[in-house]
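What follows draws every value from the coordinates through simple rules; no lab data is involved. Everything numeric in this text was worked out from a predicted model, so none of it was measured. Backbone-built Cβ (ideal geometry, glycine too); neighbour counts: all protein chains shown.
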Amino acid sequence: MALLATLVAVLVAGCIAGGSASSGSGDESAASALTGVTVPDSFSPVVVTPVSNSTFPWLGSDQKYHVSYDVQLTNASRLPATLTTVQVVDPKHPNTVLTSISGPQLVDPGCAYGDCNRLRMLPSSNATDTVMPPGQSRALVVDLTFDSPKQAPAAVEHRLFLTGQAAPPATQPTSISYLAAPFAISSGKPLVIASPVKGTNWVATNGCCGTGGTHRPALNSLNGKLANSQRFAIDWLKLTDAGEFYGGDKTKNESYADYGQAVYAVADGTVSSTLDAVDAGTPGILPATDPVLGPKLTIQNVDGNHIIQDLGGGVWAMYAHLIKGSLLVKPGDKVKKGQKIAELGNTGNSSGPHLHFQLMDNPSLLQADGVPYVIDGFTYEGQVSYAAWEASDAYESGTYFQGKLPKGQPRTDELPLALAIVDFPNS
């Protein structure tokens with residue numbers, strides 16, 4: 001399967017208020033959510049530190065409400081720590097378990113995608129076991145799902161079950177559990193945006209929330225921080241009416257259904273920065289894995305030609321892998337929602353034409369945390385099966401309409417989840 005992804009995740013710490021582009025600070029609502037929340041005194045050999053900024057529920061194309069964030073786990077004791085279970089609980093009612101992460105959810109070598117391998121080695125990769133030697137860290141990818149936003153508490157807390165150092169004098173690991181890391185999940189509302197593309201048969205590849213895609217678990221260390229700017233990023237690819245990604249010579253960008261498609265501003269705003277100097281890549285070749293092209297990748301050009309747009313309210317949009325020479329805007333330009341700003345291409349660390357799109361809380365890719373959002377309107381047409389996607393070659397050869405619905409479903413203010421097939425209005 002081609003890895004249509006950004007080499008470096010845009011990371012950070014520093015939360016924003018979701019909601020609208022003009023919403024106020026999320027710090028106040030996060031502080032309010034944690035008022036009265038305490039952590040019982042205990043010796044805690046594994047330290048739990050939220051990587052994400054405080055967040056909020058958003059509606060996915062499965063018509064469930066999601067909360068997604070990451071935490072770092074560090075064994076700060078003298079003995080090995082073996083993680084058994086992490087419960088996410090309501091801190092004001094700690095016996096109310098919102099989700100329990102254990103077994104194959106933590107580590108499962110046989111699972112390629114889904115609710116598995118949430119325990120991550122650093123840099124981010126599947127953990128091989130649940131043992132953390134002294135002084136080592138792991139990350140945990142957390143995704144909560146609710147039928148209604150009313151089911152989500154204002155904050156969460158984490159109860160760890162592990163075998164480790166129970167007290168400073170201990171010389172042998174024993175079974176212990178304790179509460180840690182209160183975290184606000186009511187710091188705003190998702191920004192409602194327009195789609196960055198228009199037309200039919202778009203597929204939300206590498207979207208939220210399974211851990212098998214390249215974006216959701218993309219934790220990296222930049223500027224002295226561990227963070228994940230790509231938590232809610234989508235690689236948009238377009239299928240032909242026959243359900244294929246290309247027709248003709250698969251080694252030519254022009255053969256792909258999405259190559260050269262218009263890219264549109266998702267909201268009113270101001271262009272913060274652009275890059276328009278990267279030549280097109282060759283389909284089927286991921287530069288990061290090529291001995292000649294790999295060394296040429298930098299933090300500046302890894303996303304290829306791109307546009308970063310200030311939407312206001314502490315939110316920026318990123319449109320990446322654009323065709324060289326197609327950018328119609330420059331830094332400082334004011335743009336309107338629905339305005340064409342560039343054309344979809346295959347530049348930077350990309351193995352085929354696609355649009356990488358994400359929202360973040362900073363205009364710098366080195367200082368940004370991913371921001372949840374929803375799209376104002378689209379028609380949900382079904383799902384590409386992960387088995388078909390995973391089984392394809394580096395060109396994404398094959399047909400992908402097996403999971404297409406007989407009739408599309410109109411949707412409003414939802415985020416298409418991984419491998420959703422959607423149609424967007426042409427106007």
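In this simple spin-label model, placing a label point 7 Å from the Cα along the Cα-to-Cβ direction at both Ser148 and Lys407 gives a separation of 2.8 nm. Pick from Ala368, Ala184, Ala76: which residue has the top mean-square fluctuation in a GNM of the chain where Cα pairs under 10 Å get a spring? Result for the chain, Cα springs under 10 Å: Ala76 fluctuates most.
Length gained on full extension, Gln300 to Lys334: 9.9 nm, using 0.36 nm per residue less the C-alpha separation. Shape class for segment 197-330: rounded, because the ratio a/c of the largest to smallest gyration tensor axis (alpha-carbon atoms, square roots of eigenvalues) is under 1.5. Backbone phi angles across segment 339-355, fed through the Karplus curve with coefficients 6.51, -1.76 and 1.60 (θ = phi - 60°), yield HN-Hα couplings of 6, 5, 10, 5, 10, 5, x, 9, 10, x, 7, 9, 9, x, x, 5, 10 Hz in residue order; Gly and Pro are listed as x.
Ranked from largest, the principal axis spans of the Cα set of segment 191-424 equal 44, 43, 33 Å.
Of Leu327, Leu365, the sequence from fewest to most neighbouring Cβ atoms within 10 angstrom is Leu327, Leu365. Separation of segment 232-281 and segment 306-359, taken as the distance between their Cα centroids, equals 10 angstrom.
What fraction, in whole percent, of alpha-carbon pairs in segment 288-427 exceed 24 Å separation?
44
Please report the relative contact order for segment 191-424, taking Cα pairs under 8 Å with a sequence separation of at least 6, and give it as a percent rounded to a whole number. Normalised by residue count, the contact order of segment 191-424 is 28 percent. For the chain, modelled as a GNM whose springs connect Cα atoms under 10 angstrom apart, the maximal fluctuation among Asp249, Asp129, Asp108 occurs at Asp249. Normalised by the number of residues in the chain, the mean separation of alpha-carbon contacts (under 8 Å, six or more apart) gives a relative contact order of 22 percent. Under the simplified labelling scheme, the Ala242-Asp115 pair shows an inter-label distance of 3.9 nm, with each label point 7 Å from Cα along Cα→Cβ. Label point of Ser221 set 7 angstrom out along Cα-Cβ; within segment 95-131, amide nitrogens under 14 Å from it belong to 121-125.
Taking a straight line from the alpha carbon of Lys324, these lysines sit under 24 Å away, with near neighbours fewer than eight places off in the same chain left out: Lys198, Lys238, Lys250, Lys252, Lys296, Lys334, Lys336, Lys337, Lys340.
With R₀ set to 22 Å, the beta-carbon distance separating Asp279 from Thr251 gives a calculated FRET efficiency near 0.90. Counting only DSSP beta bridges with both residues in the chain, the antiparallel share comes to about 95 percent. Charged side chains reduced to their Cβ positions (Lys and Arg at +1, Asp and Glu at -1) give the chain a dipole of some 420 debye around its Cα centre. Applying a DSSP loop filter and a limit of 11 other Cβ atoms within 10 Å to the trypsin sites (Lys or Arg not before Pro) in segment 315-368 leaves Lys336. Listed by chain and number, the lysines placed with their C-alpha closer than 27 angstrom to that of Lys150 are Lys64, Lys92, Lys189; residues fewer than eight positions away on the same chain are left out. Taken over the chain, the convex hull of the Cα atoms encloses 134 Å³ per residue. Here the Karplus curve 6.51 cos²θ - 1.76 cosθ + 1.60, taken at θ = phi - 60°, turns the phi angles of segment 226-233 into couplings of 9, 7, 9, 7, 9, 3, 10, 6 Hz, with x standing for Gly and Pro.
For segment 371-420, the normalised intensity computed at q = 0.17, 0.27 Å⁻¹ comes to -0.61, -0.99 (log10 of I(q)/I(0), Debye sum over alpha carbons, equal scatterers, no solvent).
Structure remark: mean-square fluctuation, Gaussian network model of the chain, C-alpha springs under 10 Å; the largest value among Ala218, Ala277, Ala342 belongs to Ala277. With a/c under 1.5 counting as rounded, go ahead and sort segment 39-184 into rounded, prolate or oblate using the C-alpha gyration tensor (a ≥ b ≥ c being the square roots of the eigenvalues; past the cut-off, prolate if a/b is larger than b/c, else oblate). Since a/c reaches 1.5 but b/c is at least a/b, the shape of segment 39-184 is classed as oblate.
Each Cα pair under 8 Å and six or more residues apart adds its separation to the average, and for segment 84-186 the resulting relative contact order is 26 percent. With each label modelled as a point 7 angstrom along the Cα→C-beta vector, the Leu293-Thr128 pair spans 3.0 nm.
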